[in-house]
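In what follows, a structure is listed as structure tokens, so that the remarks can point back to it.
The values are calculated or read from the model by the stated rules, or taken from the named source; none is laboratory data. Here the structure is a predicted model, which is why all the values come from computation and not from measurement. Cβ coordinates were reconstructed from backbone atoms using ideal geometry, including for glycine residues, and neighbour counts include every protein chain displayed. Heavy atoms of the whole protein, side chains included, go into the accessibility calculation; ligands, DNA and RNA do not. Shrake-Rupley method; radii C 1.70, N 1.55, O 1.52, S 1.80 Å.
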Amino acid sequence: PVTLTANPADKGTFTVDGAAYDNAAEYSFGTNHTVVATPAAGYHFVQWRDNGSTNPTRDITIATTNSYTAEFATENYAVSFATGYAGYLTLSVDGNYGFNTEVTVTATAVDADKYIFKEWQVAGSQVSTNASYTFTVTGDVELTAVYEPVAYTITVTSVDDNEGTAVATATSVDYVDD
């Protein structure tokens, strides 16, 4: 028989001559066969352990010892973070993270009297409204922290109803830093 092993276990599959690998299959001595190692999602083929080949396809000739190990490794994905002038990020490091790695990032307004955190976005779509956001890496991603001006309520009252009328006009004013 031919023994094909994935390392780490269950992070790859094999075909022999185009058919799914069957560890109970019998092959005649001296016959040639093509073996292909295919990585699981989030992994990539590194090499065959016995000969160091980095090609996932190999030809084998059946001999007395027919044991082959395919080495697989976790895919790394680019994760980047962005924030506008109104905030900063903590526990965030742009870079590569392994598949299924959990990453936590926290957004904080630079001046909480002027701005508040609104949401995290990926490609313009909201993914969380929590300033502290934990996600699992499954591919390249850029997270953007979005902030908005603090809204203030201004109340106008007359001290004496017999002395005149107070009139207020509602306007929206965005804070502009000088």
(request) Could you tally the net charge around Val2, taking each other residue with its Cβ under 14 Å from the Cβ of Val2, Lys/Arg +1 and Asp/Glu -1? (result) -4
(message) I need the calculated FRET efficiency for the pair Ala41 and Ala112, taking r as the beta carbon distance and R₀ as 45 Å, to the nearest 0.05.
(response) 0.60
(message) Just to be sure I understand: if I project the alpha-carbon convex hull of region 1-143 onto a plane and average over all orientations, what area do I get in nm²?
(response) 10.9
(request) Report the paramagnetic label zone for Arg49: residues of region 15-31 whose backbone N is under 18 Å from a point 7 Å from Cα along the Cα-to-Cβ axis. (result) 15, 23
(message) At 1.4 Å probe radius, can you tell me the per residue accessible area of region 1-117 in Å²?
(response) 56
(request) With the Cα gyration tensor of region 8-76 in hand, give its eigenvalues times 5 under a square root as the equivalent ellipsoid semi-axes, listed largest first in whole angstrom. (result) 22, 13, 10
(message) Cut-off 13 Å, label point 7 angstrom out along Cα-to-Cβ of Asp94: give me the residues of region 139-157 whose amide nitrogen falls inside.
(response) 141-144
(request) Could you please report the charge total around His33, scoring K, R as +1 and D, E as -1 over all other residues with beta-carbon less than 10 angstrom from its beta-carbon? (result) -1
